[in-house]
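Structure, as structure tokens:
The values are calculated or read from the model by the stated rules, or taken from the named source; none is laboratory data. Everything numeric here is computed off the predicted structure, so don't read it as measured data. Here the Cβ positions follow ideal geometry from the backbone for every residue, glycine too, while neighbour counts run over all protein chains shown.
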Amino acid sequence: MEEGTGAEWRGSKAYRPYRDVEQHPANLQRHSLTDQQAQSLIESPRTYGNSARSTKERPCDACRRRKTRCVKESGEDKCVLCKFHSQECTYLHEPVARTRKRKAQPIEETNHGNSGDQPPVLRTNVGTGVEEYDELPGESLLKKTLGLQNKHHAHFVGLTEPFSFPRFSLTLGISQKSTQGGAVIVRKVDDFNAFTIREDQGTIGYDTEQSRVDAIQQLVEPHGKALIDLYFRIVHPSFPILHKGVFLEKYARSYREFSPALLAAVYLLTTNYWRCSPALATKPKPDACLLHKLATESYDLTIYRPKLSSVQAGLLLAQYECFDSDVMSCGSRGRLTAQLVSMSHTLGLHMDPSRWDIPEWEISLRRRLAWAIYMQDKWVALIEGRPALLTDRDWIVPAVQHRDFPEHEENNEEGSSEVENGRIIFMQMIELTKILSDILDSIFSLRSHQAIQMSPDPVSALLSRAQPLQQRLSAWSDSAMEVLSLERANSMKLTSIGYLILAHLAVEVSIHRRIICQTMSCASDPNTAAACRIAAKQRWLSALGFVDSLKARHLKSFWYFCSTACLTLLISFGNVLVGSAFDSSEEQFYLEKLKEFRWTLKINGEMGAKFMVTAIRSMILDPREIRKPDPSSTSSVTSPGSKSESSFGISSQNAFGNMSIQPPPGPMAPSDVASGWITPTTFTNPPVFSGFTPGMSMQVPYIPGYTWQPPNFETGPPVNDYLEHMPG
């Protein structure tokens, strides 16, 4: 970057990272290697001749593409550069004719004489399409983009950064400010917010980006275009984190305009729907494991030059599940989410971009991406037992509106996802996540758990916190079901309503699970415990009935990344109900329901929802094993904030909470039974619900006059009614 001598205002035209210089070999930049031996060899003198030179004299394809001097050692078949990068040294392409760049002309003159619908492309670097989109002739959505620049990336200037105060004196647009370390490009987007613009070149892994994107494209060829079409048919309508027009514009020019991580993530996620395309169903499928390896390696490198495409790649990778190798194991999404949150702050996604001086489509895209990261953070906090990273005090992103979704045209091809319904489902998932955020803070955070446990009546304290949240869930369900329904889907279309309803049921079950565990303490009121248990049983049976009612148009559609963990939550709660059953008949009832649920998951997995097969791995073969009595064991008390890992692989610190178990004072007497206590039941390995450790005794309350009866499914009220909610 050229060093400035003072404050210099140049306007938008000043941002020209690649100057208009004559494209002559003497002016081409040389690629500097880290290998000092290669560097010394490249510095040897060389003469230039015509383009008809032999392969011994003219540069190889790789050196010509990189615009570096091609030098061979004596007796070597490869040049120094190709040998250093361990790549083929070929002479397949003819030299490109060099022409002097013309001065900038009006768009009308530039487009004059061009035929076809595609705008002309500024070929300043062979194979990459464009240098920077602001200099692209003709119409383009990418002009004036902030977060999707081709060779540069933007960093948001925070309130405590060095440029935070001087930015208030800047004018809108791009300016160049001088510092002792050199010139710094600052782009002001409104009266109070600015970004520093930095070059990609020089960041870690930038030199290998082109070879990586070539390897990714070669892995899926000749099916790249078919995979892109399939992605926008099935995935994009349900998870709209890309801008279809921008993506297809770049893909029409060259796949090399994409970040390797984003291109690989799009291809990778779409391979899950390979058989949904008539053109691909009979073709061999690309190596998904190798594609996943390239995608994750590329993503780990792209975080050093964060762009909106980096966030998009991370979100898509979070949705992918490799059912053979279980690549997204417990904890891996937590690391990925932490990276996404960090990049979102760097890119200013936590801010309100409504009045920024950027294209309208990018403002809408930023809103959708911001809320997608918000959902990612909150659901990972639930399913992996982690504290949420995003807080409301540092989040001013406005709600997503219908105008933020530019795609409205439905795809009439058989097996496509519904665009309109997918948009509504995405928006409703955001609203559900807002409620989940309050639930995590009010019930499952360490401070709230400590406050509940230290209150005189922990059960009442927990119920007072849970009741308004359950009412909000009920109101959300009523409003959502007015526009969405499990049966509402056009003929031969896919609908992703399944993941939304499953997510809602998982949130409700997590609350019931926390309440049931708390009522098992000696201080709980027997009647309150019975009422909570009946409501929990109805909600659990309702969730099982919902999974059993899914059809092919639901199973083969897009499912949000937390769906597997939501099913695991239902299984774990079933284990809780088995382990805390009042008598053998109730225990046998829940065992039969778990057996039926396992069968349902297996069948649904064979019909296309493979993530349900993954959830079966968390099922305990015989949940009754957790109830073996151990007279020699003593009760233990878990302290607030302690961790215990459940046998189904989900941490209990946040998502399910911990509970304190207090033994009854002194030996049991008949009066103790009458007051609500029976012989303690001891839980041994393996623990099945949060807060329980091996050897911890549990007191099940005795409710006078209450006899448990299994529900009558023929004459009784339906238990799989999704709109039915827990009373009070």
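Test Gln538 against the criterion of being more than 22 Å from Phe444 (Cα to Cα) and surrounded by 18 or more Cβ atoms within 10 Å (Cβ to Cβ), and give yes or no.
Yes.
So if I check each of Leu555, Leu567, Leu550, Leu544, which one is surrounded by 24 or more Cβ atoms within 10 Å (Cβ to Cβ) and either modelled with pLDDT of 90 or more or charged (D, E, K, R) (or both)?
Selected residue: Leu567, the only one of Leu555, Leu567, Leu550, Leu544 that is surrounded by 24 or more Cβ atoms within 10 Å (Cβ to Cβ) and either modelled with pLDDT of 90 or more or charged (D, E, K, R) (or both).
Of the residues Lys225, Lys285, only one is part of a loop (DSSP other than H, G, I, E, B) and surrounded by fewer than 20 Cβ atoms within 10 Å (Cβ to Cβ); which?
On inspection, the qualifying residue turns out to be Lys285.
Which one of Ala530, Ala552 is over 18 Å from Phe239 (Cα atoms) and under 26 Å from the mean Cα position of the chain (by Cα)?
Going through Ala530, Ala552 in turn, just one is over 18 Å from Phe239 (Cα atoms) and under 26 Å from the mean Cα position of the chain (by Cα): Ala552.
Yes/no matrix, rows are residues, columns are (1) farther than 21 Å from Lys250 by Cα; (2) assigned to a helix (DSSP H, G or I); (3) modelled with pLDDT of 95 or more; (4) outside the structural domain of Arg617 (by TED's automatic domain parsing):
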residue: Asp300; (1), (2), (3), (4): yes, yes, no, yes
residue: Phe323; (1), (2), (3), (4): yes, no, no, yes
residue: Gly334; (1), (2), (3), (4): yes, yes, no, yes
residue: Met343; (1), (2), (3), (4): yes, yes, yes, yes
residue: Trp361; (1), (2), (3), (4): no, yes, yes, yes
residue: Leu365; (1), (2), (3), (4): no, yes, yes, yes
residue: Ala370; (1), (2), (3), (4): yes, yes, yes, yes
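Inside segment 546-575, can you point out the residues that are farther than 21 Å from Ile425 by Cα and in contact with a Pro (Cβ under 9 Å, 6 or more places away or on another chain)?
Gly574, Asn575
Out of Ser491, Ser485, Ser455, I need the residue that is hydroxyl-bearing (Ser, Thr, Tyr), surrounded by fewer than 17 Cβ atoms within 10 Å (Cβ to Cβ), closer than 18 Å to Asp441 by Cβ and out of contact with any strand residue (DSSP E or B) (no Cβ under 8 Å at 6 or more places or on another chain). Which one?
On the way: Ser491 fails: closer than 18 Å to Asp441 by Cβ; Ser485 fails: closer than 18 Å to Asp441 by Cβ.
Being hydroxyl-bearing (Ser, Thr, Tyr), surrounded by fewer than 17 Cβ atoms within 10 Å (Cβ to Cβ), closer than 18 Å to Asp441 by Cβ and out of contact with any strand residue (DSSP E or B) (no Cβ under 8 Å at 6 or more places or on another chain) holds for just one of Ser491, Ser485, Ser455, which is Ser455.
Please indicate, with yes or no, whether at least one residue in segment 433-444 is surrounded by fewer than 19 Cβ atoms within 10 Å (Cβ to Cβ), touching a Phe, Trp or Tyr at 6+ places or on another chain (Cβ under 7 Å), in a helix (DSSP H, G or I) and assigned by TED's automatic domain parsing to the domain that holds Ser464.
Yes, that holds for at least one residue.
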